[in-house]
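J.: Starting off with a structure, shown below.
Throughout, read-outs are computed from the coordinates displayed, never taken from laboratory work. Computed from a prediction, not measured in an experiment: that's the story for all the values here.
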Amino acid sequence: MAFKSIGQKYGFVSAGDVYRQEIADARIEEQAKAEAKLAQNRDDTETVLREMGISDEQIAEMEARLEALRQSRRSR
């Protein structure tokens, strides 16, 4: 079990605890923004591909290939 200070034992919150929580919250918020932007870009791409006459099956195949490529890059 991790060390707990007397203050933590009795429920007091230190300035360091508050600072670390603010950093964690900011990271979560930035990650959510990045994921939302990525989803928007993906939706825009699909819309343009449909307008160009590419079928849903071809779009799905493209997405699968892209995901496989991303996975292979992550594993390196």
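J.: Suppose only helical runs count, i.e. DSSP H with n ≥ 4. What mean residue ellipticity at 222 nm does that imply for the chain under -39500 (n - 2.57) per run, divided by all residues and rounded to the nearest 500 deg cm²/dmol?
T.: -27500 deg cm²/dmol
J.: Here is a follow-up. Can you tell me the length gained on complete extension of the stretch THR47 to ALA64, counting 0.36 nm per residue apart and subtracting the Cα distance?
T.: 4.4 nm
J.: I would also like to ask the following. Run the reach check for LYS4 against aspartates and glutamates, Cα to Cα strictly under 16 Å, same-chain hits fewer than 8 apart removed. What comes back?
T.: In chain and number order, the partners are ASP17.
J.: Express in % the proportion of alpha carbon pairs of the chain at distances exceeding 19 Å. Walk me through the intermediate numbers first.
T.: Values: 1825 of 2850 pairs.
Value for the chain: 64 percent of Cα pairs lie more than 19 Å apart.
J.: Straight-line reach from LYS33: which aspartates and glutamates have Cα under 14 Å away, leaving out those fewer than 8 places along the same chain?
T.: Of all the aspartates and glutamates, those that pass the test against LYS33 - Cα under 14 Å, at least 8 places apart if same chain - are ASP25.
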